[in-house]
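The values are calculated or read from the model by the stated rules, or taken from the named source; none is laboratory data. In this text, all values refer to a predicted model and were calculated from it rather than measured experimentally. Glycine also receives a Cβ, built like all others from the backbone with ideal geometry; neighbour counts cover every protein chain displayed.
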Amino acid sequence: MIDVAFLLLIYFLVTITVTRQEADLAMALPGISNVTGGPVQLDQMRIEVSSAGVISINGETVQESVNEREIPQLVERLQRYSAMARIAGSEPVVVVNCAGKVPEQRFVDVLNACAKAGISNLGITQ
């Protein structure tokens, strides 16, 4: 009986195909890596100025009052965006979309907010 058990054991050991499941997985183990990557590219920030002078960032209204020249919410958001871009190692990009009849002073206010935040890469669309 023991001989039959050993023969079956030898038979199964010889006929079985051993697969290395660990080798099939392409994963990096934690440790020191010499791989260097490029800078992370952040999405551009889109500022829209309507013909009534309402300013919105990425579809979210920031300021509706046209009479106020200071736009602290816009400056604060632009400063945060600029800081995140610099941490990621990329350049912050802002696209200003102006409607056809935007008051000129409102457009200048948006440009001043960008200057206060230290953003120099600007695109202007209509």
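Descriptive notes on the structure:
- Put simply, of Gln73, Gln63 the only residue that is at pLDDT below 80 and under 16 Å from Asp109 (Cβ atoms) is Gln63.
- Criterion violated by Glu48 - all others in (1) more than 19 Å from the chain's Cα centre (by Cα); (2) at pLDDT 80 or above; (3) exposed (fewer than 14 other Cβ atoms within 10 Å of the Cβ) satisfied: (3)
- Subset of the range 76-88 that is surrounded by 12 or more Cβ atoms within 10 Å (Cβ to Cβ), farther than 17 Å from Leu111 by Cα and not charged (D, E, K, R) - its residue that is modelled with the lowest pLDDT: Ala88
- Residue in the range 89-99 that is at pLDDT 75 or above and over 21 Å from Ile119 (Cβ atoms) present: yes
- Some residue of the range 29-42 being surrounded by 13 or more Cβ atoms within 10 Å (Cβ to Cβ) and at pLDDT 85 or above: no
- Here is the figure for the range 63-104: residues that are within 21 Å of the chain's Cα centre (by Cα), on the phi < 0 side of the Ramachandran plot and not polar (S, T, N, Q) total 19.
- Residue check, Ser56 touching a residue at least 24 places away in the same chain (Cβ under 8 Å), closer than 19 Å to Leu111 by Cβ and surrounded by 12 or more Cβ atoms within 10 Å (Cβ to Cβ): no
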